[in-house]
1. Looking at ALA116, LEU193, ALA165, which one has the Cα that reaches farthest to the positive end of the dipole of region 98-217 (charges on Cβ: Lys, Arg +1; Asp, Glu -1)?
2. To the nearest 20 debye, what charge dipole does region 101-180 have about its Cα centre, counting +1 at the Cβ of each Lys and Arg and -1 at the Cβ of each Asp and Glu?
3. Mind checking which of VAL136, VAL31, VAL240 has the largest fluctuation in a GNM of the chain, springs on alpha carbons under 10 Å?
4. Which of rounded, prolate, oblate describes region 17-101, given a ≥ b ≥ c as roots of the alpha-carbon gyration tensor eigenvalues and a/c under 1.5 marking rounded, otherwise prolate only if a/b is larger than b/c?
5. Run the quick spin-label model on HIS242 and LEU86: label points 7 Å from Cα toward the beta carbon, then report their separation in nm to one decimal.
6. Using 7 Å Cα-to-Cβ label points, what is the ASP179/PHE13 separation (nm, one decimal)?
7. Could you give the alpha-carbon Rg of region 101-180 over 2.2 N^0.38 Å, rounded to two decimals?
8. Once you place label points 7 Å from the Cα toward the Cβ at ARG158 and PHE98, how far apart are they in nm?
Amino acid sequence: MALLQVKNMRKDFDRLEVLKGIDFELDKGEVLAIIGSSGSGKTTLLRCLNFLETPDKGQIYIDGELIFDAEKDREVSDADLREKRLNFGLVFQSFNLFPQYSALKNVTLAPSLFVASEIKQKKATAYKEYLKNIFVKGSLKKFREERAILGEQSKNLREDIEKRALKLLDKVGLSDKVDNFPCELSGGQCQRLAIARALALNPKILCFDEPTSALDPELTGEVLKVIKNLKSKETTMIIVTHEMEFARNVADKVIYMANGIIEEMGTPEEVFGNPKSEKTRAFLLKDDLSGGKYGV
């Protein structure tokens, strides 16, 4: 069973059709590269998957479970939206880091808020239960014990979050920048920090939106190396990229998008080595004339 299934995803902005019926599947551990010219719908597709935009039509399945159906989910509560988003992590092309926080705080912030919200809910439930049984002997003692246990759980979870954050920062080569702020980091380091932050909530699918477009060639290499090192049987990734050679070497599947549809989809060998669509051939030939070598 596929980890991710997208069926007939459509998205309009006023009268402009941006996505015109997108269908694809992705297995756990696979890397999908999405290529195409500006305006083809690549970023909109990622934003819809991460629920930063709401698709007008279509369905999204995770592990065979329907998590979004445009016909039924036109009004989604904030709590449901947060839960759906936890399936995906998104690394933006412009980093979108919190400038007022250190590298470590940038990574720990989201999971810490998530844990704090859960503990708060449990404390509220315990308090309601106490009020319901306020005249029952021993209810106050039980309530205080539950509060103490939840306090200890909160402390342990915060410590676990920090330990994991330190491991993630080490994984992306930033173990010596834990206390640095984004303004003290290079562009490549900021993007690597953004990758660590996206991984902090253990998303089932990690998405990248042109992760090197804001970087110079030297910094591009260090970020692509980190992404390549993330590839494993446990890490599933969708990468919107203009780095054709990287897509060819790292991806298991490649989608070429044009005018809001999937013009071509296949293995890197199929799409880059023997494209069937004339539009794909023209796109790759244009890139080839810019310095790439794709045999088309």
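Read-outs: derived from the displayed coordinates by stated rules, not from any lab. Treat the numbers as computed from the prediction; the structure is a model and nothing was measured. Here the Cβ positions follow ideal geometry from the backbone for every residue, glycine too, while neighbour counts run over all protein chains shown.
1. ALA116
2. On the way: 18 positive and 11 negative charges, 99 e Å.
Its charge dipole is roughly 480 debye.
3. Its mean-square fluctuation being the largest, the pick is VAL136.
4. On the way: a/c = 1.37, a/b = 1.09, b/c = 1.25.
It comes out rounded by the Cα gyration axes.
5. Simple spin-label model gives 3.7 nm for this pair.
6. So the two model labels end up 4.3 nm from each other.
7. Values: Rg = 17.5 Å, N = 80, 2.2 N^0.38 = 11.6 Å.
Taking N as the residue count of region 101-180, the ratio is 1.51.
8. Going by the 7 Å Cα→Cβ label model, 1.4 nm.
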